[in-house]
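Worksheet: one structure, shown below.
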Amino acid sequence: MREEIISIKNEAMAQIMEAASANELEEIRISYLGRSGKITSLIKKLKDLPVQERKEVGLLANDSKNALVELLAEQKNRLSEASREWFDPTIPGIKPKRGHLHLLTTAIEEISKTFEQIGFVRVRYPEVEWDYFAFESLNMPMGHPARDEWETFFVDAPTHPKYGQIVLTPHTSSGQVREMNRVKTPPIRMINIAKCYRRQIDASHVPMFHQFEGLVIDKGISISHLKGTLDYFARNFFGKERKTRLRPFHFQFTEPSFEVDITCGVCLGKGCKLCKSGWLELGGAGMVHPVVLKNGGIDPKVYSGFAFGWGVERTFMMKSDLLIPDIRLLYSSDLRFLKQWT
Amino acid sequence: MDIKIPDSWLRDYLKTKATPNDVAKYLSLSGPSVEKIEHDHVYSIEVTTNRVDVASVYGLAREAAAILPQFGIKARLQPVKLPTLKFSGDVQYLQVTVNHSLCPRFSAVLIRGVELKDSPDWMKQRLTAVGVRAINNVVDISNYIMHELGQPIHTFDYDKIRGAKMILRESKKGESLTTLDGKTHTLPGGDIVIEDGGGYLIDLAGIMGGENSAVDESTKNVLLFVQTYNPLNIRQTSMFLAQRTEAAVLFEKGLDPELVALGMGRGIELFVKLTNGRPENTILDIYPAPYKERKVVTDIDFLSARLGAHLPKDKTTQILRSLGFETYWKGKTLQVLVPSYRAGDIEIPEDIVEEVARLYGYHNLPSELMQGGLPEPLADAPFNFEAKVKKTLTGWGGIEVYTLSLVSWEGAANGLKLKNPLGLNSEYLRTSLMFSLSRAAKDNSGETKPFHLFEVANIYIPRKADLPDERMTLAGIFSNTSFREVKGVVESLLEELNIEAKMTIEDAAHYLPNRCLSVKSQGKTLGQFGELPGGLLYYEFDIEALREASADIGSFKSLPKYPAQIEDITCSFPERTKIGEVIETIKQADKSVADVELTDIFQDSYTFRLWYEHPDKTLIDMEVEKIRDKLTKELKNKFGAIVKS
């Protein structure tokens, strides 16, 4: 039987090599490998052989079959275009319906992941908040001129005897004392992301935006740790060659307070047409003011901390160089805009 | 506040070879932020509320003289040269009564024979450069000194002050006064005002002078007036009357009373020079509690710990002295004496940290991540669940939107109202996402293909004597989409979230009657969906309710041991038959009916696919037939079904 297999195989191979069209090849395939093809019939007969021979010949028959299958495919590829079976793979695909996450969701996820990797815990605090948490506990008593910086919306509701008026949080810093109240004993590494509201009359603003607030409190927290955290964020969120710097600023709830800049993504700090000085403004930061720690029930003699709070929209636009001309577009429902994002 | 300082004016007091670019760069790194340099080398500077001491040419020069040497550039402050002045608490030409808590320092001097005319060009140019319109020499001198020293100055026509008498007091509610700009104000009370000997109010102190005492073309004798006021009163009045003058913006930040003498000296000097006026020899100066240097005690270990770097004592001393502080060491302990012009800002050791660190240079500090323990993760955080919902919906073609949570009254049934909204269409906090999403869908009314917009956002449900309940809500809207397709998305979402839910027909506000389904799980409402007028389909769910109802992993059911018999049955039904109920009836007909699916609808014929299963055997045809007969009989009886195959 062995000789029979070999000779059929050789015969088939010779025919395949000489075949000139797809049809011819198909005929050859049927006559050898089809349901009643020559090789198939031989394989069917294997069961009549004695056990020992069956194994050996079976192996040979299978090898021959595989060799023919391969050769058929090769020969098909070798055929000239015209003699091939017609198929058009250039036709467009039929796509499944694809949705789109909003840019802001992507931004918020990336930002929180970046901080979660160094042990920050993402939290969420009220967007409609007592004056106490938004201002008073942050070392901004009633009537303080620093409050002007936050163009605050007030809710038409009765005033709380202890916590004052209800406001729309103008910043995520209103979560600072709430987080201290929740954790009670440091370490604290918080990332708070929420909607914020400011009464901006100017036409290019939306009265709502998103902020992310970082808060770290522990023993021995220093300005160097703030720098380290900001540089970590810059490297991992914006790109490994990016750096940050601190400049003096003032907030009532931090001391010292900083403005944080990041090197321009185009010139990396050398100065170019886009950025002028080589640096772009990211947002505010500072070392938590001892009065704020006290208001959160944390002893400023034992613990210190830092905080930063930046706009999600702004930060993400700076990362992606999206050059969206008007931040109001982010809050539009125009499908032509929304469908641009993954 | 933003101020403008011309470089040439700055160099009257700052002696340095630094270029304007260097001055801008190094000030920004260690002091006030120079936002830009305008043409003709005018610095545009952002001054923070705590640093009113640098809101002037002289103040900025003092700051720059401390900062530039840290960057290796020589710089020196040229102090203001003053004529010799004689101050006294009592003068012949003016009789005053002062409430000291409103006015910690009150000074005035009579200048006779003032000639009103144009100011010289150099003064006009400098005023123009800082954005002030030149008027005449008397007015210009006031403005010039305010910009040079940061000390507002006022001038009265001396002859209009009846009885040469002044009473500086708190206003009573309802008193009225007309200011220089012709506006008549009815005062809220608690404002600082000056009343003259005739009982007339002649000055809204610290904000703007009264019209009735103003200098005009016929003025001969001027009372030059330099004061410090209680910042809280100034702020209250200025905000209440919306009278935000440059003087008010300075006074409300708390000015240094020591600056009064400088302002007075400079005023006398300029009046003599530019108006030929003859000042009285004695200046009235009522200053009952002169500044005593504040002490702040800290130590080198504290400073180093906050910086995160070892700070040498001598470097600390050098930095603080360059900024005008006095320093006394006792071992590691440092006592710092604060100069009067920094008294409003420097109170606690952390303030000293800032002074030392910014001049030491933030760029010179190390950058390192904190060590130490990690906080516990938040128990039961909602974020992953929300992300899963969003990703699931986008997988089926949903497009996420972010819409404004402030809406008009139409979108906020019983919602909270703002006291100071920007307009009628953003006056309320929304209590549902329906209004916003309907709007979003309508914004795309030109789109003829199906689309699905969704949003995950808080709604704000008012509570009595408390903050509103902020409920994270999932809502979506479909356009050009059939009810069945929308229901399919809702059903699939519930399956994806492993929620066993029941849907019942329940009419709800805004939905078309009979076209709204309420979704419940274990008796608790999760949300609802249905058709709105105008062909839009809408759903809204409470995210927390979904999260509670959702099982992380489905429960395990053992696989059937014996294969199911599968067959299709087609029936037709009379009009107004609820197919949901038909399917429920088929399911309940026999316990061997493992599953039912509606596979086709053609006219009034519905094809159902049924799976018959038995735990112990494969059902034979005869057994299946028996079950089929039982259930078709039930369909006939209950619904009037005609079984076609």
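Which entries of B:K81/B:K313; A:K195/A:K243; B:K388/B:K502; A:K319/B:K449; B:K449/B:K520 show an alpha-carbon separation above 24 angstrom in the structure shown?
Result: B:K81/B:K313; A:K195/A:K243; A:K319/B:K449; B:K449/B:K520 exceed 24 Å.
To the nearest Å, what is the center-to-center distance of region B:173-189 and region A:275-341, using C-alpha atoms only?
Going from one Cα centre to the other spans 42 Å.
Kindly state, as a whole number, the per residue volume in cubic angstrom of the convex hull around the alpha carbon atoms of region B:397-463.
87
For region B:383-549, what's the radius of gyration and Dmax over Cα atoms, in angstrom?
Radius of gyration, then largest Cα-Cα span, for region B:383-549: 15.6, 47 Å.
Take the Cα atoms of region A:2-83, find their three principal axes, and give me the spread along each one in whole Å, biggest first.
Largest to smallest, the principal-axis extents are 49, 18, 15 Å.
Give me the Å³ per residue figure for the convex hull around the C-alpha atoms of region B:86-286.
104
I'd like the distance separating the alpha-carbon centroids of region B:455-481 and region B:562-580, in whole Å.
39
Using only helices, what value at 222 nm comes out for chain B when you add -39,500 (n - 2.57) per DSSP H run of length 4 or more and divide by the total residues, to the nearest 500 deg cm²/dmol?
Rounded to the nearest 500, the figure is -9000 deg cm²/dmol.
Give the Rg (one decimal place) followed by the Dmax (whole number) of the protein assembly as shown, computed from C-alpha coordinates and expressed in Å.
Computed over the Cα atoms of the protein assembly as shown, radius of gyration and Dmax are 40.5, 141 Å.
Show me, for region B:272-289, the HN-Hα J-couplings you get by feeding each phi into the Karplus relation (A = 6.51, B = -1.76, C = 1.60, θ = phi - 60°), rounded to Hz, glycine and proline as x.
4, 5, 9, 10, 6, x, 10, x, 4, 5, 10, 9, 6, 9, 10, 9, x, 10
May I ask for the equivalent-ellipsoid semi-axes of region B:334-394, computed as the square root of five times each C-alpha gyration tensor eigenvalue and listed largest first in whole Å?
Ellipsoid semi-axes (Å, largest first): 46, 16, 14.
For a label point 7 angstrom out from the Cα of A:M17 toward its Cβ, which stretches of region A:53-69 have the backbone nitrogen within less than 20 Å?
A:63-69
What ranking of B:D140, B:D542 emerges when the number of other C-beta atoms within 10 Å of each C-beta is taken as an exposure proxy, fewest first?
By the 10 Å Cβ count, ascending: B:D542, B:D140.
Please list, in chain and number order, the residues 5+ apart from A:H210 or on another chain whose amide H is under 5 Å from its amide H, with Hs placed from the backbone.
Sorted by chain and number, the residues that satisfy this are A:C196, A:V312, A:E313.
Normalise the Cα radius of gyration of region B:2-77 by 2.2 N^0.38 Å (N = residues in it) and let me know the number.
Against the compact-globule rule of thumb, the ratio is 0.94.
Using only alpha carbons, build the gyration tensor for chain A and give me the equivalent ellipsoid semi-axes, biggest first, whole Å.
Equivalent ellipsoid semi-axes, largest first: 73, 25, 21 Å.
Roughly what % of Cα-Cα distances in chain B sit above 40 Å, to the whole percent?
57
Using 7 Å Cα-to-Cβ label points, what is the B:K630/A:L329 separation (nm, one decimal)?
In this crude label model, B:K630 to A:L329 measures out at 6.5 nm.
Calculate the length of the line joining the C-alpha centroid of region B:68-98 to that of region B:413-445, in whole Å.
57
Determine the relative contact order of chain B: mean sequence separation of Cα pairs under 8 Å and six or more apart, normalised by residue count, in whole percent.
Reported relative contact order: 9 percent.
With label points built 7 Å along Cα→Cβ from the Cα atoms of B:N384 and B:I461, find their separation and express it in nm.
Simple spin-label model gives 2.7 nm for this pair.
Cross-link list B:K561/B:K591; B:K124/B:K273; A:K219/A:K301: which exceed 18 angstrom alpha carbon to alpha carbon?
Long pairs (Cα-Cα over 18 Å): none in the table.
Under a plain spin-label model, where a point goes 7 Å from the Cα along Cα-to-Cβ, how far apart in nm are A:S83 and B:H310?
A separation of 8.7 nm, rounded to one decimal place.
With viscosity set to 1.306 mPa s and temperature to 10 °C, compute the Stokes-Einstein D of region B:448-493, Rh being the Kirkwood radius across alpha carbon pairs; µm²/s, no decimals.
The diffusion coefficient I find is 125 µm²/s.
Quick one: 3J(HN,Hα) in Hz for region B:76-82, Karplus 6.51/-1.76/1.60 with θ = phi - 60°, rounded, Gly and Pro as x.
Coupling constants for region B:76-82: 9, 8, 8, x, 5, 8, 10 Hz.
Give the long-range amide H neighbours of A:V121: residues separated by 5 or more places, or on another chain, with amide H under 5 Å away, using H modelled in the peptide plane at 1.01 Å from N.
Those qualifying (amide H under 5 Å, at least 5 residues apart or on another chain) are A:R189, A:M190, A:I191.
In a GNM of chain A with a 10 Å cut-off on Cα contacts, which of A:N236, A:N139, A:N62 has the highest mean-square fluctuation?
Top of the fluctuation ranking is A:N62.
List the cysteines of the protein assembly as shown that have no other Cys Cβ closer than 4.7 Å: which are they?
A:C196, B:C103, B:C516, B:C571
So what J values fall out for region A:304-310 if you push phi through Karplus, 6.51 cos²θ - 1.76 cosθ + 1.60 with θ = phi - 60°, rounded to Hz, Gly and Pro as x?
Karplus-based 3J(HN,Hα) across region A:304-310 equals 9, x, 9, 8, 8, x, 10 Hz.
Just subtract the alpha-carbon distance of B:L598 and B:S445 from 0.36 nm times their residue separation and send over the number in nm, one decimal.
51.8 nm
Find the Cα radius of gyration of region B:565-643, compare it with 2.2 N^0.38 Å by division, and give the number to two decimals.
1.06
By its C-alpha gyration tensor, with a ≥ b ≥ c as the square roots of the eigenvalues, how is region A:255-342 shaped: rounded for a/c under 1.5, else prolate for a/b larger than b/c, else oblate?
In terms of gyration-tensor shape, oblate.
Among B:364-373, B:337-346, what's the highest-first ranking by average C-beta atoms within 10 angstrom per residue?
Put in order of decreasing packing, that is B:337-346, B:364-373.
Please compute the length gained on full extension between B:I37 and B:S482, using 0.36 nm multiplied by the number of residues separating them and subtracting their Cα-Cα distance.
Taking 0.36 nm per residue and subtracting the Cα distance, the gain is 154.1 nm.
Amide H of B:G150: which non-local residues (sequence gap of 5 or more, or other chain) have their own amide H closer than 5 Å, using H built in the peptide plane?
Those qualifying (amide H under 5 Å, at least 5 residues apart or on another chain) are B:V57.
Here, each number is a calculation from the coordinates, and none is a lab measurement. Just so it is clear, the structure is predicted and the values come from calculations on it, not from any experiment. Don't worry about glycine lacking a Cβ; one is built from the backbone with ideal geometry, like all the others, and counts go over all protein chains shown.
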